[in-house]
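The values are calculated or read from the model by the stated rules, or taken from the named source; none is laboratory data. All values derive from a computational prediction rather than experimental measurement. Here the Cβ positions follow ideal geometry from the backbone for every residue, glycine too, while neighbour counts run over all protein chains shown. Only protein heavy atoms, including side chains, enter the accessible area calculation; ligands, DNA and RNA are left aside. Shrake-Rupley method; radii C 1.70, N 1.55, O 1.52, S 1.80 Å.
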Amino acid sequence: MKYSLPLLFLLLTTSIFSQSITTIPIETRDFALVLQTDQAERLGTVYFGKKLSNAGEYAGIFLQERHVDGNAGIYHSAYTPSGSWNLMEPALSITHADGHVSTELKYVSHRSEKLGEGIALTTVLLRDPVYATEVTLFYKTYARENTFEQWTTIKNGEKQAVTLEKYASANLFFTANDYWLRHYHGVWAHEMKPETTRLPFGIHTLDSKLGARANLFQPPTFILSFDEAASENSGKVLLANLGWSGNFKIDFEKDSYNGLRVIAGINPAASAYQLDAGKEFKTPSLIYTYSENGIGEASRNMHRWARNHRLMDGNGSRMTLLNNWEATYFDFDENKIVGLFAGAKKLGVDMFLLDDGWFANKYPRNGDAAGLGDWQENRKKLPSGIGYLVREATKAGIKFGIWVEPEMVNPKSELYEQHLDWVIREPQRPEHYFRNQLVLDLSNPEVQDHVFGVLDNIFTKNPEVAYVKWDCNAVIYNAFSPYLERKKLPQTQLYVDYVKGLYSVLDRLRAKYPKVPMMLCSGGGGRVDYEALRYFTEFWLSDDTDPLERVFIQWEYSYFYPMIASCNHITDWSKVGIKYRTDVAMMGKMGYDIVVDHLTPDELAFSQQAVKNYNSISDVVWHGDCYRLSDPWERPYASVLLVDAKKERAVSFNYVITNRFEFSYSTAPIKLEGLDPAKKYRVREINTYPGAPSTIDEKAEYSGQFLMNVGINPDMSLKRMSVILEINEVK
Ligand code: DGJ
């Protein structure tokens, strides 16, 4: 970032090096965020960029700024309070016990501690000189991954309750000539549609008010680039995710001096939070990583951070599976399900996943309008129970997993009849449904027990259940909590307490079942974030499994989440051939959702070999570094490369994304990245279809230097719409 622009009002009458100025550098391996107090002991952000080798020089950064506009307030506040001097979008708004709304924050102290290899925590305590409000800013750094995790606690030291009107996680401040934001919108089956916007003056907001499955329309993820719109391999880039599975608000406020504030946290809309005397509120974390070498490097930082520090079992392995959702929908019984096990075995996958429709008796779950909430096996469909299915799966030599959607209820259910007070609904209004269902009130500890119990019951009765798909299809309409009403707590806490309740259930679940893999699903991809992924090993990106659409959806998610977390299934959603469908699903965590017996002999032979191929490359796909080589939004094909840490193996996925006629989609080679220039490699095509042998010369040897500077041609054409290449070091 450039710092030539005059920015902030500074009283230069006292030397910046005087006693009253405190400078706090927060460093990763290559970068630094620097905080500094001013003469009035307010804390500001004075630098974000490359680390200086002499940390003593950070103190002088601010002296280089000249800006004379004393009335405009301090624009670079590290956590902007409201109602006092600040005229900009605040990070914190409090109605104090006496009804006053002004808050001021002054620096009190800070400390830094080492938490582990490459991990440090800096905490900065701020206090209001008039009201007993204390704010602590937390900056956790992951040096090797150049990643920052930031959150805040707000403590009410007053004698009575105060109301938190706004309580952001982080309040960042940047200076640059220009700002470009890549952000996303979507609806069901059309998740993660990107848009890149040059940030205008004023405020640009990303937000959600959906309550549950909160990121259906917009996820809390973004890529911010400075000075110029960054590309994969160039530009200054901040890539971020807010770890919160509920309503969020991320404001990008650009001021007249070209400064940019990014204020991210829980959405304050209808969410004023009562903080009792002596109590503390902890915000969710904003996680961000920075690179000056483009989006690719930032994204690889984030992937490594996720695998090493956040994603459940991030460095472990995953199971391939056969799911029955698109194969049967609700129309099955135990014979049909057991019949599918043979298909799973024939394919060679590790597990069978039983989807929606296995439960409820009074109102059987034979469609999506009834039964949700009644978690007993449907006696007609599964007379011998889940236990029988688990035993049969074991006999067939595969593991067994199960679908649940425990946070929700159909009005046509016994749960609804017996526990109306557990349901989020406004008693004075007609009910309004999303997929014929309502959301349970997770602010209520009894409801938390119920949700925990759904899973605990399954595991207690069937300890061999090896996998859970946790779905969540509805948003919150008519936000009213009977529990908060009973407890005389403000209804505006519901959106926040819902998510806290969810995390508390997941904490209990993980305490008792620390290992079981769980897929985070949300009627497609409406929920994923880095707080949820503490508990989940993987997530469902979208119900849209058309592979052409999927290339784009997987591409966009891949900026933020590593391939090991990305569940991609081969289904019959589209008429595209099985090879293309499989090749796309392999770029992540592969699964199937088909009737294996419907495959032709060639399709079956291809798929059996594909599972074997997948098992042989999965280590690289799951744990390798990801390089996006050709952008499908810019060219008629996508190319993505995964390279293992030792640079001994790599896998390249190549997909033509159009049916328009061209003699070849590979007129030029694709330059690889991330290899060792000095090593020798051979390139081999895998996943060839019976009768269509590879056109790639397997015997040729190339230096890494050749592959990265000249490239390799995957020979894509309308006859070779997808090509997977394995690149192996010649030893
Ligand atoms: C939505 C999910 O995204 C699907 O995969 C499937 O599990 C259905 N729900 C089941 O109702």
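Can you find a residue in segment 440-453 that is open to solvent by 50 Å² or more (accessible area, probe 1.4 Å) and touching a residue at least 60 places away in the same chain (Cβ under 8 Å)?
Filtering segment 440-453 down to residues open to solvent by 50 Å² or more (accessible area, probe 1.4 Å) leaves 445-446, 449.
Next, only the ones that are touching a residue at least 60 places away in the same chain (Cβ under 8 Å) stay: none.
Looking through segment 440-453, none of the residues is open to solvent by 50 Å² or more (accessible area, probe 1.4 Å) and touching a residue at least 60 places away in the same chain (Cβ under 8 Å).
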Quiz prompt | Selection from segment 608-643 of residues that are under 24 Å from GLU538 (Cβ atoms), acidic (Asp, Glu) and surrounded by fewer than 20 Cβ atoms within 10 Å (Cβ to Cβ) | solution = ASP619
Practice problem: Output the number of the condition that ARG365 fails; it satisfies all remaining conditions of (1) open to solvent by 60 Å² or more (accessible area, probe 1.4 Å); (2) within 16 Å of the ligand (Cβ to nearest atom). | Solution: (1)
Quiz prompt | Residues (near the ligand (Cβ under 9 Å from one of its atoms), in contact with a Lys or Arg (Cβ under 8 Å, 6 or more places away or on another chain) and open to solvent by 10 Å² or more (accessible area, probe 1.4 Å)) located in segment 532-543 | solution = TRP540
Quiz item: Since ASP374 meets every condition but one in (1) within 18 Å of ASP456 (Cβ to Cβ); (2) surrounded by fewer than 23 Cβ atoms within 10 Å (Cβ to Cβ); (3) within 16 Å of the ligand (Cβ to nearest atom), which condition does it not meet?
Solution: (2)
Exercise. Filter segment 677-723 down to residues that are basic (Lys, Arg), closer than 16 Å to SER664 by Cα and not in a loop (DSSP other than H, G, I, E, B), then give me how many there are.
Key: 0
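Is there a residue in segment 466-474 that is of a type outside the set (A, V, I, L, M, F, W, C), out of contact with any strand residue (DSSP E or B) (no Cβ under 7 Å at 6 or more places or on another chain) and either away from the ligand (no atom under 16 Å from the Cβ) or over 30 Å from GLU485 (Cβ atoms) (or both)? Before you say what the answer is, go through the steps one by one.
Going through segment 466-474, the residues of a type outside the set (A, V, I, L, M, F, W, C) turn out to be 467, 469, 471, 473.
Remaining after also requiring out of contact with any strand residue (DSSP E or B) (no Cβ under 7 Å at 6 or more places or on another chain): none.
Within segment 466-474, not a single residue is of a type outside the set (A, V, I, L, M, F, W, C), out of contact with any strand residue (DSSP E or B) (no Cβ under 7 Å at 6 or more places or on another chain) and either away from the ligand (no atom under 16 Å from the Cβ) or over 30 Å from GLU485 (Cβ atoms) (or both).
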Quiz item: List pairs: first in segment 279-304 and in the same structural domain as PHE226 (by TED's automatic domain parsing), second assigned to a helix (DSSP H, G or I) and open to solvent by less than 10 Å² (accessible area, probe 1.4 Å), Cβ under 6 Å, 6+ apart or cross-chain?
Solution: THR289/ALA298; THR289/ASN301; THR289/MET302; SER291/ALA298
Quiz item: Of all residues in segment 576-612, which are within 16 Å of the ligand (Cβ to nearest atom) and of a type in the set (Gly, Ala, Ser)?
Solution: ALA585, GLY588, GLY591
Quiz item: Has segment 480-492 got any residue that is at positive phi, open to solvent by 10 Å² or more (accessible area, probe 1.4 Å) and more than 16 Å from the ligand (Cβ to nearest atom)?
Solution: yes
Quiz prompt | Yes/no for GLU685 being modelled with pLDDT of 95 or more and over 13 Å from ILE724 (Cα atoms) | solution = no
Quiz prompt | Breaking point among (1) in contact with a Leu (Cβ under 9 Å, 6 or more places away or on another chain); (2) under 16 Å from ASN324 (Cα atoms); (3) more than 13 Å from the ligand (Cβ to nearest atom), for TRP358 | solution = (3)
Quiz prompt | Qualifying strands (runs of 3 or more DSSP E) (wholly inside segment 237-355; at least 3 residues being surrounded by 24 or more Cβ atoms within 10 Å (Cβ to Cβ), on the phi < 0 side of the Ramachandran plot and within 16 Å of the ligand (Cβ to nearest atom)) | solution = 321-323, 351-354
Quiz prompt | Options ASP546, ASP529: the member that is surrounded by fewer than 24 Cβ atoms within 10 Å (Cβ to Cβ) and either within 16 Å of the ligand (Cβ to nearest atom) or within 19 Å of GLN218 (Cβ to Cβ) (or both) | solution = ASP546
Exercise. Identify the single condition in (1) in contact with a Gly (Cβ under 7 Å, 6 or more places away or on another chain); (2) of a type outside the set (D, E, K, R); (3) modelled with pLDDT under 95 that ASN659 does not satisfy, given that it satisfies every other one.
Key: (1)
